[in-house]
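*Asks:* Questions regarding the structure given below will be posed in turn.
The values are calculated or read from the model by the stated rules, or taken from the named source; none is laboratory data. Because the structure is predicted, anything quoted here is derived from the model rather than measured. All Cβ positions, glycine included, derive from the backbone under ideal geometry; neighbour counts span all protein chains shown. Keep in mind that these areas ignore ligands, DNA and RNA; they rest on the heavy atoms of the full protein, side chains included. Shrake-Rupley method; radii C 1.70, N 1.55, O 1.52, S 1.80 Å.
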Amino acid sequence: MQKPLILVTNDDGITAPGLRALISYMKEIGEVVVVAPDSPQSGMGHAITLDSTLYSKKVSVDLEDDAPLEYSCSGTPADCVKLALQELLGRKPDICVSGINHGSNSSINVIYSGTMSAAIEAGIEGIPAIGFSLCDYSWEADFEPARDYIIRIVKEAIENGIPKGVVLNVNIPPLNKEELKGIKICRQARANWKEKFDKRTNPNGKDYYWLTGEFELLDKGEDTDEWALAQGYISVVPTQFDLTAHHAIQDINNWNL
């Protein structure tokens, strides 16, 4: 039987350790093709390139005999998926996996995530898709403890499919293998960032700003991704890209419009 074709992408860039780990795990499941940004694109959300040219080239990052076909792309994570599906792949992939992100994409972070936007772009095209994130921002983060869980989730998604209009947002606590308790299917926790700008002045007297902030968890539920991660579980949130607030339609219909 033909091996499943797995499109692998990310937002941290094609040389990121998290991406290299995900590639090695996916090689155990199927045929891998990588299309990833040529530089870090964290926090890009679902941005796409419209006002400049887009470039892509084959690259050889790994030197192993079974190294997959890889392309670097000058654009955003969403660009990478668009280009892969329209120009670079010979057939429709069976699944798209994005990550493994260096840092959390749980709760409200999913809104800003380039990792999840790549997965969502694949989902829009009808391809099962999953975004993986490890809640550790270090470039030296250890992805290996979650290896078996990641492989299991992808295999189950290929075998069973993912509901139409849904992509999976998977976040992994930064724990040793022995400390990981398993997987929880969750809802997205209600939270936000209490943000401010750190105003500074450069040597030429020009003001500039650094965005800073603190994560503010507003949700005490025990069925959320934040709760699961705090308890040592890998959180899996089914995420939809239909942003319609269906529960509000009737209220708005009562307006005098």
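*Asks:* In sequence order, what are the phi-derived ³J(HN,Hα) couplings for the range 246-255 according to the Karplus relation 6.51 cos²θ - 1.76 cosθ + 1.60 with θ = phi - 60°, rounded to whole Hz, with x for glycine and proline?
*Replies:* 4, 5, 9, 4, 5, 4, 5, 4, 7, 5
*Asks:* What is the Å³ per residue value for the convex hull set by the Cα atoms of the range 126-257? It would help to have the intermediate numbers written out before the result.
*Replies:* Numbers: hull volume 28.7 nm³, N = 132.
It is 218 Å³ per residue.
*Asks:* Taking each pair of different alpha-carbon atoms in the range 69-191 once, compute 1/r for the pair, average those values, and report the inverse of that mean as the Kirkwood hydrodynamic radius in Å to one decimal.
*Replies:* On the way: mean 1/r = 0.0659 Å⁻¹.
About 15.2 Å for the range 69-191.
*Asks:* Taking only DSSP H segments of four or more residues, each worth -39500 (n - 2.57), what value at 222 nm results for the chain once the sum is divided by all its residues, to the nearest 500 deg cm²/dmol? Could you put the intermediate results ahead of the total?
*Replies:* Numbers: 6 runs with 53 residues, N = 257.
It comes out at -6000 deg cm²/dmol, rounded to the nearest 500.
*Asks:* So how far, in whole Å, is the C-alpha centre of the range 110-175 from the one of the range 182-257?
*Replies:* Going from one Cα centre to the other spans 18 Å.
*Asks:* Pick out, in residue order, every one of the GluC sites (Glu not before Pro) in the range 62-150 that is DSSP loop and has at most 16 other C-beta atoms within 10 Å; say none if there are none. Could you put the intermediate results ahead of the total?
*Replies:* Numbers: sites: GLU64, GLU70, GLU87, GLU121, GLU125, GLU140; in loops: GLU64, GLU125, GLU140.
Loop-located and lightly packed - GLU64, GLU125, GLU140.
*Asks:* In addition: In straight Cα distance, which lysines are under 23 Å from LYS177, not counting same-chain residues fewer than 8 positions off?
*Replies:* Reachable lysines: LYS27, LYS155.
*Asks:* Using modelled amide H (1.01 Å from N, peptide plane; none on Pro or chain starts), what sits under 5 Å from the amide H of ALA189, excluding residues fewer than 5 places away?
*Replies:* Close amide H contacts, sequence-distant or interchain: SER107, ASP225, GLU226.
*Asks:* What spacing in nm lies between the two simple spin-label points modelled at ASN192 and GLU140, each 7 Å away from Cα in the Cβ direction?
*Replies:* Placing both labels 7 Å beyond Cα along the Cβ direction yields 3.8 nm.
*Asks:* Same structure again: Treating only the Cβ atoms of Lys and Arg (+1) and Asp and Glu (-1) as charged, compute the dipole magnitude of the range 1-135 about its Cα centre; round to the nearest 20 debye.
*Replies:* Working: 8 positive and 16 negative charges, 35 e Å.
That gives the range 1-135 a dipole magnitude of about 160 debye.
*Asks:* List the GluC sites (Glu not before Pro) within the range 144-189 that DSSP assigns to loop and that have no more than 13 neighbouring Cβ atoms inside 10 Å.
*Replies:* GLU178, GLU179
*Asks:* Another question, if that's okay. Given the protein chains as shown and a 1.4 Å probe, how many square angstrom of VAL166 are accessible, to the nearest 10?
*Replies:* Accessible area of VAL166: about 30 Å².
*Asks:* Here's something else I'd like to know. Loop-only trypsin sites (Lys or Arg not before Pro) in the range 110-198, please: DSSP not H, G, I, E or B, and at most 10 other Cβ atoms within 10 Å.
*Replies:* Numbers: sites: ARG147, ARG152, LYS155, LYS164, LYS177, LYS181, LYS184, ARG187, ARG190, LYS194, LYS196; in loops: LYS164, LYS177, LYS181, ARG190.
Passing sites in the range 110-198 are LYS164.
*Asks:* Using 1/(1 + (r/R0)^6) with R0 = 30 angstrom and r between the beta carbons of PHE241 and GLU64, what's the FRET efficiency to the nearest 0.05? Mind dumping the intermediate values first?
*Replies:* Details: r = 35 Å, r/R0 = 1.18.
Rounded to the nearest 0.05, the efficiency is 0.25.
*Asks:* May I pose another question? If r is the Cβ-Cβ distance from GLU28 to ALA248 and R0 is 45 Å, what FRET efficiency results, to the nearest 0.05?
*Replies:* Working: r = 45 Å, r/R0 = 0.99.
So the FRET efficiency works out to roughly 0.50.
*Asks:* Once amide H atoms are built 1.01 Å from N in the peptide plane, which residues 5 or more positions from ILE234, or in another chain, come under 5 Å H to H?
*Replies:* Placed amide hydrogens put LYS181, GLY182, ILE183, LYS184 under 5 Å from ILE234.
*Asks:* Let me ask something additional. If I model a spin label as a point 7 Å beyond the Cα along the Cα-Cβ vector, how far apart are those points for LYS206 and SER39 in nm?
*Replies:* 1.7
*Asks:* Place a +1 charge on the Cβ of each Lys and Arg in the chain and a -1 charge on the Cβ of each Asp and Glu, then give the dipole magnitude about the Cα centre in debye, rounded to the nearest 20. Let's see the in-between values first.
*Replies:* Values: 23 positive and 37 negative charges, 78 e Å.
Dipole about the Cα centre, nearest 20: 380 debye.
*Asks:* Note down the relative contact order for the range 52-180 as a percent, whole number, built from C-alpha pairs under 8 angstrom at least six residues apart. Write down the numbers at each step before the final one.
*Replies:* Details: 173 pairs, mean separation 30.4, N = 129.
It rounds to 24 percent for the range 52-180.
*Asks:* Order the following by accessible area, largest value first: HIS46, HIS102. Probe radius 1.4 Å; ligands, DNA and RNA are ignored.
*Replies:* My answer, sorted largest first, is HIS46, HIS102.
*Asks:* Given 0.36 nm per residue, what is the gain on full extension from TRP255 to LEU218 after removing their alpha carbon distance, in nm?
*Replies:* Working: separation 37, 0.36 × 37 = 13.32 nm, distance 3.00 nm.
Between TRP255 and LEU218, full extension yields an extra 10.3 nm.
*Asks:* Run the numbers on the chain and let me know its relative contact order in percent, using alpha-carbon pairs under 8 Å that are six or more apart.
*Replies:* Values: 535 pairs, mean separation 44.2, N = 257.
In percent, rounded to a whole number, it is 17.
*Asks:* Quick check on the chain: what are the equivalent-ellipsoid semi-axes from the Cα gyration tensor, as sqrt(5λ), descending, whole Å? Walk me through the numbers on the way to the answer.
*Replies:* On the way: eigenvalues 157, 116, 93 Å².
Here the semi-axes work out to 28, 24, 22 Å.
*Asks:* Ranked highest first by average number of other Cβ atoms within 10 Å, how do 225-234, 205-214, 109-118 line up? Before the final figure, lay out each step's value.
*Replies:* Values: 225-234: 20.3, 205-214: 9.2, 109-118: 25.8.
Going from most to least packed, we get 109-118, 225-234, 205-214.
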